[in-house]
Amino acid sequence: MKSRENKYSHTIKQVAERLGFDHCGIAKAVVLEDDARRLESWLNKGMNGGMQYMENHFDMRIDPSKLVPGAKSVITLLLNYFPIQQQKSAVPKIAKYAYGKDYHEVIREKLKSFLAEIKLNIGEVNGRGFVDSAPVLERSWAQKTGLGWIGKNGNLINKQSGSFFFIATLIVDIELDYDDAYAKDYCGTCTKCIDSCPTDAILSDKVIDGSKCISYFTIELKDALIPDAMKGKFENWMFGCDVCQDVCPWNRFSKPTEEMNFTPIPAILNFSSNDWEELTEENFKLIFKNSPLKRSKFEGIKRNLTFIATTS
Ligand code: B12
Ligand code: SF4
Ligand code: SF4
């Protein structure tokens, strides 16, 4: 006979599939001791650069019960964003995760429905869903819930489908059946990501110096100027960077996303360099109102465009 935990876990995985998530894994909610040490060292070395929010809520980041009182289980969900079509060549480059509608909004809606379905099917469950911006070590949980390994490029890689996935996390206060943590690492002797990173942001032991990553400079840095030391290094990346994922052999298994909300918006596919150059603030707000690009604001996009145009 199936245990109650087993039945609930089965229900949760069915709900995940119904809501369009590509993978779902479950782990016991424990304090992340090893990750706490790694995170502390990363912060002590200033690898968060100007991302001050990474210094906040250290306790919450390593302990799910600080986010959900009585937390028993952590559910990790992966959602593929690999686009069916890509940008033209020789235009300012945008990371693929930002081609369609803002994933925060898309996934937040799914997580709301997820919790509602859990309550409907299982009963009174206290839980919270997170994607990206909350103090949750999402990659570590994805590894612990058995969904893949942390590659040398820092990304969570799934053996069947690569790394072009968003990660979402649900923390709940019920016991469930737990998946085994992902024990293997299939990077082997490969060093393609390390060798290709334009700014040498990938260090040994899967440590990424966030303060040197193009994604940081083009999205998170709020300064009016990008440091001179980065001149000539951006390889035309204007918003985010996909180099360490594009070169990864495991991404040859990427399949186009089935999530309609991530369909590339026409401007991303059709804009020429000239269109970007001539983009006005009014049009930016109109065209990119539901896009991740709005995080950089118009000033940030213009700063990035000027930087790549004048330094490459
Ligand atoms: C801050 C941040 C950034 C910063 C800093 C990057 C970084 N490596 O920390 C910047 C702006 C540079 C960035 C860039 C990108 N990001 Co980002 N980012 C985050 C955020 C908000 C926090 C990450 C964090 O906690 N960093 C601190 C460091 C110390 O933690 P970490 O990198 O997660 O690494 C942990 C584990 O990997 C673990 N670990 C390392 N070695 C080992 C070994 C073992 C055995 C185990 C178990 C664990 C382990 O150590 C760390 C702590 O334990 C997360 C969302 C979230 N809340 O988790 C998204 C997130 C990590 N980003 C994401 C994405 C997609 C990107 C980009 C690909 C976007 C782009 N195309 O431009 C790049 C990739 C850059 C890279 N190579 O890492 C996805 C990752 C999806 C995936 N498949 O892995 C996330 C999860 C957002 C999401 N919800 O989908 N990001
Ligand atoms: S996203 Fe680009 S800059 Fe950042 S670590 Fe990967 S290759 Fe390097
Ligand atoms: S490029 Fe090679 S070393 Fe880097 S994450 Fe992929 S398999 Fe691992």
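The values are calculated or read from the model by the stated rules, or taken from the named source; none is laboratory data. Remember, it's a predicted structure, so these values are computed and weren't measured experimentally. As a convention, Cβ positions derive from the backbone with ideal geometry for all residues, glycine included, and neighbour counts pool all protein chains shown. Each accessible area value is taken on the protein alone, full model and side chains, heavy atoms only, with ligands, DNA and RNA left out. Shrake-Rupley method; radii C 1.70, N 1.55, O 1.52, S 1.80 Å.
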Among the residues in the range 159-177, are any open to solvent by 60 Å² or more (accessible area, probe 1.4 Å), part of a helix (DSSP H, G or I) and away from ligand 1 (no atom under 12 Å from the Cβ)? no
For the range 1-29, give me each residue that is aromatic (Phe, Trp, Tyr) and closer than 20 Å to ILE107 by Cα. PHE21
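Looking only at the range 183-230, filter to residues that are charged (D, E, K, R), on the phi > 0 side of the Ramachandran plot and more than 17 Å from the chain's Cα centre (by Cα); which one of those is farthest from ligand 1 (Cβ to nearest atom)?
ASP200
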Residue count, the range 1-29 (criterion: of a type outside the set (D, E, K, R), within 18 Å of GLN143 (Cα to Cα) and in a loop (DSSP other than H, G, I, E, B)): 2
Verdict on LYS206 being within 13 Å of ligand 2 (Cβ to nearest atom) and either touching a Pro at 6+ places or on another chain (Cβ under 7 Å) or open to solvent by 60 Å² or more (accessible area, probe 1.4 Å) (or both): yes
Return the pairs, sorted by first residue and then second, in which the second residue is open to solvent by 60 Å² or more (accessible area, probe 1.4 Å) and assigned to a loop (DSSP other than H, G, I, E, B), the first residue lies in the range 171-187 and is closer than 9 Å to LYS28 by Cα, the beta carbons are less than 8 Å apart, and the residues are 6+ apart or on different chains. GLU175/LYS72; LEU176/LYS72
Where in the range 30-126 are there helices (runs of 4 or more DSSP H), lying fully within it, with 2 or more residues that are open to solvent by less than 80 Å² (accessible area, probe 1.4 Å) and touching a Phe, Trp or Tyr at 6+ places or on another chain (Cβ under 7 Å)? 103-122
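Is there a residue in the range 276-284 that is within 16 Å of ligand 3 (Cβ to nearest atom), open to solvent by 70 Å² or more (accessible area, probe 1.4 Å), among the charged types (D, E, K, R) and modelled with pLDDT of 95 or more? Give the derivation first.
Within the range 276-284, the subset within 16 Å of ligand 3 (Cβ to nearest atom) is none.
No, there is no match, as no residue in the range 276-284 is within 16 Å of ligand 3 (Cβ to nearest atom), open to solvent by 70 Å² or more (accessible area, probe 1.4 Å), among the charged types (D, E, K, R) and modelled with pLDDT of 95 or more.
Look at the range 127-136 and say how many of its residues are in a loop (DSSP other than H, G, I, E, B) and surrounded by fewer than 20 Cβ atoms within 10 Å (Cβ to Cβ). It would help to see each step written out before you state the result.
We begin by selecting, within the range 127-136, every residue in a loop (DSSP other than H, G, I, E, B); these are 131-136.
From what is left, the residues that are surrounded by fewer than 20 Cβ atoms within 10 Å (Cβ to Cβ) are 132-135.
Number satisfying all stated conditions: 4.
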Scanning the range 231-258 residue by residue, the ones that are without any contact (Cβ under 8 Å) to a residue 60 or more places away in the chain, touching a Cys at 6+ places or on another chain (Cβ under 8 Å) and near ligand 1 (Cβ under 10 Å from one of its atoms) total 1
For the range 236-260, enumerate the residues that are more than 9 Å from ligand 2 (Cβ to nearest atom), open to solvent by 70 Å² or more (accessible area, probe 1.4 Å) and acidic (Asp, Glu). GLU258
